[in-house]
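One structure is given below, encoded as structure tokens.
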Ligand SMILES: [Zn+2]
């Protein structure tokens, strides 16, 4: 991975490049990444730059023996720790996932999400980094680097370590070997032991400013800036999500589906049963059931954003919301049924639906039946 391929501000890249030029590379660093920003890609580019045999002022050469190995994620001094699913028999360890890890990271150029990874390895339960992985890492670190001046360790999502594993890692961070660079790439430092945090140098990777987001997205997915801005509203300016969903997310039908979903959910709980138009419910569910999985996930994300807007509409920050042209009227009349409490609960339902669809491959029609009933129940609370 080259710095030029990583979409973060030049300022952040310069800071890292300067640590190399000034020979001040800290042995333990934490890249704190806001959702959707390429922390893993940046960590890879940084390691590749340090190890490059012919670096320029601003980037690795991309061609030397070291760079070629980094490009393929097979450099002998580059080690990865990432969360994975421990099978019931305990037979699968981190090493058994390594080839899948390399494939996905290469394919996505280091911009991967937890959901994508879980889906890629067909995980059925939650992913973690275990104590034995830290034990393995420690034994690897006891040998000398093979080819580079440094040994590199990238720990993706250290918040997924359990406490025993984290305590074990702590010792390694406390007793640095001058030739080891450990980079922890985290999306949520709230879940990391404070003792680990205090032993790392933290680099925050913030979201791109709106205008930069718009120009980047329109260039990378080849659309005009108005469409890129719309994608921003829908994805909450989450770059990774925007690039993943592409222009398809701006699906005019999503608005209609959302309005219908909320009207039907409301009717199921508010209107006397004999007056409910069950045919309309069935039609809506059938339409959803026929959608491709990817389109459904996009629709759910769109709905999440609409609920978020409803919640904001009920606060002092309402003036800051930017609406797509057709949304404003409906959201203003609908937002009184969504407050901060049930709004959060509805977002959890939609979030779970995304997860059930991506990780567990749930039946779409069944899933939307459940979503409809659960949301209806929550909307009723407002009227009571
Ligand atoms: Zn090179």
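Key figures for this structure:
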{"item": "Relative contact order, percent, the range 251-383 [alpha-carbon distance under 8 Å, six or more residues apart]", "result": "39 percent"}
{"item": "Residue order, fewest to most beta carbons within 10 Å, for 288, 37", "result": "288, 37"}
{"item": "Computed FRET value (nearest 0.05) for residue 286 with residue 348, which takes r as the C-beta separation and R₀ as 25 Å", "result": "0.45"}
{"item": "Angle between the chain longest axis and helix 340-358 axis [Cα atoms, degrees, rounded to 10]", "result": "70 degrees"}
{"item": "Modelled FRET efficiency - R0 41 Å, residue 270 with residue 224, Cβ distances, 0.05 increments", "result": "0.50"}
{"item": "Fully extended contour minus Cα-Cα distance, from residue 361 to residue 72, at 0.36 nm per residue", "result": "101.0 nm"}
{"item": "186, 198 arranged by Cβ crowding within 10 Å, fewest neighbours leading", "result": "198, 186"}
{"item": "Linear extension gain, residue 18 paired with residue 259, 0.36 nm per residue minus alpha-carbon span", "result": "81.6 nm"}
{"item": "Helix 278-289 vs. the chain, principal-axis angle (Cα, 0 to 90°, nearest 10)", "result": "20 degrees"}
{"item": "Rounded tilt (10° steps) of 163-174 against the dominant C-alpha axis of the chain", "result": "40 degrees"}
{"item": "Inter-centroid distance (Cα atoms) of the range 105-174 relative to the range 326-384, Å", "result": "35 Å"}
{"item": "Between the range 286-313 and the range 71-85, the alpha-carbon center distance in angstrom", "result": "35 Å"}
{"item": "DSSP-defined beta bridges in the chain - what % are antiparallel, rounded to 5", "result": "5 percent"}
{"item": "The chain: relative contact order as a whole-number percent, Cα under 8 Å and 6+ apart", "result": "18 percent"}
{"item": "Overall form of the range 251-383 per C-alpha gyration tensor (a/c, 1.5; a/b vs b/c)", "result": "oblate"}
{"item": "Fully extended contour minus Cα-Cα distance, from residue 197 to residue 174, at 0.36 nm per residue", "result": "7.1 nm"}
{"item": "Rounded FRET efficiency, nearest 0.05, which uses the C-beta distance separating residue 329 from residue 277 and R0 of 30 Å", "result": "0.85"}
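Throughout, read-outs are computed from the coordinates displayed, never taken from laboratory work. Being a predicted model, the structure only gives us computed values, none of them experimental. Note: ideal-geometry Cβ built from the backbone for every residue, glycine included; neighbour counts use all protein chains shown.
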